[in-house]
Every structure is written in C-alpha cells, then in structure tokens.
Amino acid sequence: RTGITSPRLEELGTQLTMAIAQAEDSYFGNSSPGGSTYSIVGHGGNCVSYVYGRRQELESGASQLGFWDASTYWHNAVSQGVYQTGQVPKVGAVVCWDGNGTSQKHVAIIEQILYNADGSINMIYTGNSSWSHKWVWYEGRYSSEAALRNSEKGFNGYVYLEKN
C-alpha cells in the first residue's frame with residue numbers, strides 16, 4: 001500500500017511563493033530519501049523536483065522514479081519499467097508532457113479527481129511547480145481530462161503509483 005496523504009490543495013486565491021516556502025521548510029519536508037533535496041532547496045522549485053519530492057511522500061520515501069528532465073520523463077519512466085503507465089488519470093499519478101520540441105514541457109502530480117453523479121470528471125486538481133521560480137507550488141484545476149491533456153504541449157500519459 002502506498003502512503004497517500006491528503007491532497008495538497010491550495011486555499012482559493014493562494015499560491016506558495018519562493019519567499020514563503022523558504023521560510024516554511026516544513027511545508028515540503030526536509031529532504032527526500034537518499035539526500036536529494038525536495039523542491040525548494042537546491043533545485044529552485046521546478047516541476048521535476050516537485051514531482052520527485054511529492055512522489056517520495058506518496059510512496060512513503062520509496063519512490064524509484066528518476067530525477068529526469070520533463071521532456072524525457074514519460075519515455076524514461078516507460079523504459080525503466082518499474083511503474084505502471086497509461087492514459088487514464090488517477091490520484092497520485094505523474095502527468096507527463098514532453099513539449100513537442102517547445103519550452104512547454106512539464107510534469108505534475110494528480111492530487112484529486114472529483115466526479116459527477118454519472119461518473120464523468122467534474123474537476124482534476126494537480127500539484128505543480130514551475131521553472132520560472134515565481135511559484136514554488138501552485139494548483140492546476142481542469143474541468144475535464146481533455147483540458148488537462150491540452151494544457152501543455154505533447155501530452156504523453158500518466159505514470160501511476162502502482163508498480164509492475
């Protein structure tokens with residue numbers, strides 16, 4: 001069983017800035033297992049460091065995902081073969097976009113999925129960080145899977161918590 005914690009969701013209208021994050025280390029935890037620092041320390045808050053650290057939390061420090069560039073994240077996860085991958089969104093999964101040769105490469109974690117009574121998706125919440133260092137953490141909100149897939153260039157798929 002994975003150590004899924006409650007979703008990291010922002011209060012409406014708030015985002016975590018670098019200054020606040022540096023003052024509140026406990027928000028992210030001290031460091032990832034193996035000594036790799038998580039998100040704000042050493043990596044400046046980019047999307048890959050956020051995903052790496054968050055997966056360490058979700059897997060209780062046992063994640064075997066590498067610290068890859070967002071443009072190669074999906075391809076490396078598939079070739080590594082440790083985790084199941086696919087095309088259906090699930091809580092805890094890494095969403096991967098390779099950018100299709102643009103600067104819009106990105107990875108994020110699905111924090112929560114809300115469903116309508118008919119089983120269709122009402123809202124997908126993702127945890128993100130950005131290379132620009134403006135926001136160490138921010139929440140993405142998508143009213144459908146199509147909106148999530150199309151929010152960045154070159155959607156690849158999802159890397160799930162479940163192992164092969």
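Backbone phi angles across the stretch 89-96, fed through the Karplus curve with coefficients 6.51, -1.76 and 1.60 (θ = phi - 60°), yield HN-Hα couplings of x, 9, 4, x, 6, 8, 8, 10 Hz in residue order; Gly and Pro are listed as x.
The label-point distance for residue 116 and residue 72, in a model that sets each label 7 Å from Cα toward Cβ, rounds to 4.1 nm.
Rule-based calculations on the coordinates, nothing more; no lab input. Note that the structure is predicted; figures quoted are calculated from it, not measured. Virtual Cβ from ideal backbone geometry, glycine too; neighbours counted across all protein chains shown.
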